[in-house]
Amino acid sequence: MKKLYAALMTAFDESGNIDEQGTREMVRYNIDVNQIDGLYVGGSTGENFMLGTAEKKRVFEIAIDEAKGSNIDLIAQVGSPNLHEAKELAKYVTDLGYETISAVTPFYYNFNFEEIKHYYDEIVKDVDTKLVVYSIPALTGVSLSLDNFAKLFENEKIIGVKYTNADFYLLERLRDRFPDKLILSGFDEMLLPALALDVDGAIGSTFNINAQKAKAEISAFEAGDIDKARKLQHESNDLITDLLNNGIYATLKLVLQELGVNAGYTREPMAKATPEVKAGAKKIYEKYFK
Ligand code: HMN
């Protein structure tokens, strides 16, 4: 059975400080209501790249603490162009009990592939945890080729990739060349074509509120009912289109509030939700969740 992971959001209070209780509530909601298979902690959706090191550690602590007793998978995204920080976080989450880490490709400085390979080898060097490469070219500007992945995967601690990329040719080539590597799809609106190319599961922001439908789609796909899977993807994409048009992170949090979860605010420099965004989120809630 293919797995569904929610990309955990971080709740902030109005001043931009981490709201621990709200963040815990989102972990609980994913476990109790969404019955999610796992959480991706510290990713884009967690607004991780706007957090300081101590704050990242706190989010990792909160997630594993709140999830204890459940048997969901937790993946900690520790990557950062600050390699010292990435290594420190890899060690930190390993000591906390995370079994899998992930690291975004280092961004901003146009690192060459040798530098990127060095970055990944260094992150896993002193820890026992396995690593999933986080590839998201649209946000990082870093594209990895098939041969680049082959070189990264030579390190046996590097077990797969979170693939947030619309290049399905490369995805097909990856699956064909690395049948034993873990490939987790990252674009929720492209879940069905990714399933068709035999990904092992998916990680996404919208699964925080749309997990039931995504799981039903995976089940339909696995049962061979492609018409049903396509219909469910179509329904999800109506929702995802509305979320994207209204500002995805703020809207996900506002919809979660409507669902009774204290998801808090986004952090600056992300803009605070305007009255129009709030009204848009309410409409989305009423259209899809009432
Ligand atoms: C993460 O790192 O938090 C997510 O897993 C990223 C995930 O791939 C999301 N991508 C971004 O937010 C950039 C998607 O769930 C995305 O939000 C969704 O497909 C709508 O485009």
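Observations, loosely collected:
- Looking across segment 138-158, the residues that are outside any loop (DSSP other than H, G, I, E, B) and not charged (D, E, K, R) come down to ALA138, LEU139, THR140, LEU146, ASN148, PHE149, ALA150, LEU152, PHE153, ILE158.
- Checklist (1) within 24 Å of ALA90 (Cα to Cα); (2) crowded, with 17+ Cβ neighbours inside 10 Å applied to SER143, failing item: (2)
- Residues (within 16 Å of the ligand (Cβ to nearest atom) and assigned to a helix (DSSP H, G or I)) located in segment 120-137: PRO137
- Scanning segment 202-237 for residues that are in a helix (DSSP H, G or I), in contact with a helix residue (DSSP H, G or I) (Cβ under 6 Å, 6 or more places away or on another chain) and β-branched (Val, Ile, Thr) yields a single hit, ILE209.
- Residue match in segment 2-10 (condition: in a helix (DSSP H, G or I) and in contact (Cβ under 8 Å) with a residue 12 or more places away in the chain): no
- Any hit, segment 31-40, residues being under 13 Å from the mean Cα position of the chain (by Cα) and within 18 Å of LEU139 (Cβ to Cβ): yes
- Residues within segment 238-287 that are free of Cβ contacts under 8 Å to residues at least 60 places away in the same chain and in a helix (DSSP H, G or I), tallied: 29
So that you can scan it fast, the table gives a plain yes or no per residue for (1) touching a helix residue (DSSP H, G or I) at 6+ places or on another chain (Cβ under 8 Å); (2) assigned to a loop (DSSP other than H, G, I, E, B); (3) at pLDDT 95 or above; (4) within 18 Å of ALA211 (Cβ to Cβ):
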residue: ARG28; (1), (2), (3), (4): yes, no, yes, yes
residue: THR45; (1), (2), (3), (4): yes, yes, yes, yes
residue: GLU85; (1), (2), (3), (4): yes, no, yes, no
residue: LEU89; (1), (2), (3), (4): yes, no, yes, no
residue: THR94; (1), (2), (3), (4): no, no, yes, no
residue: ALA103; (1), (2), (3), (4): yes, no, yes, no
residue: HIS118; (1), (2), (3), (4): no, no, yes, no
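- VAL199 part of a helix (DSSP H, G or I), of a type in the set (Val, Ile, Thr) and in contact with a Leu (Cβ under 9 Å, 6 or more places away or on another chain): no
- Among (1) in a helix (DSSP H, G or I); (2) farther than 20 Å from GLU268 by Cβ, the one test that PHE49 misses: (2)
- Out of ASP200, ASP176, ASP147, ASP180, one residue alone is under 18 Å from the mean Cα position of the chain (by Cα), away from the ligand (no atom under 14 Å from the Cβ) and either modelled with pLDDT of 95 or more or within 25 Å of ILE72 (Cα to Cα) (or both). It is ASP200.
- Those residues of segment 40-63 which are more than 10 Å from the ligand (Cβ to nearest atom) and either touching a residue at least 60 places away in the same chain (Cβ under 8 Å) or under 20 Å from TYR134 (Cα atoms) (or both), in sequence order: MET50, LEU51, GLY52, THR53, LYS56, LYS57, VAL59, PHE60, ALA63
- Within segment 157-165, the presence of a residue that is modelled with pLDDT of 95 or more, open to solvent by 70 Å² or more (accessible area, probe 1.4 Å) and away from the ligand (no atom under 16 Å from the Cβ) is excluded.
- THR140 within 13 Å of the ligand (Cβ to nearest atom), of a type in the set (Ser, Thr, Tyr) and at pLDDT 95 or above: yes
The values are calculated or read from the model by the stated rules, or taken from the named source; none is laboratory data. In this text the structure is predicted, and so the values were computed from the model without any measurement. All Cβ positions, glycine included, derive from the backbone under ideal geometry; neighbour counts span all protein chains shown. The accessibility values were calculated without ligands, DNA or RNA, using every heavy atom of the protein model including side chains. Shrake-Rupley method; radii C 1.70, N 1.55, O 1.52, S 1.80 Å.
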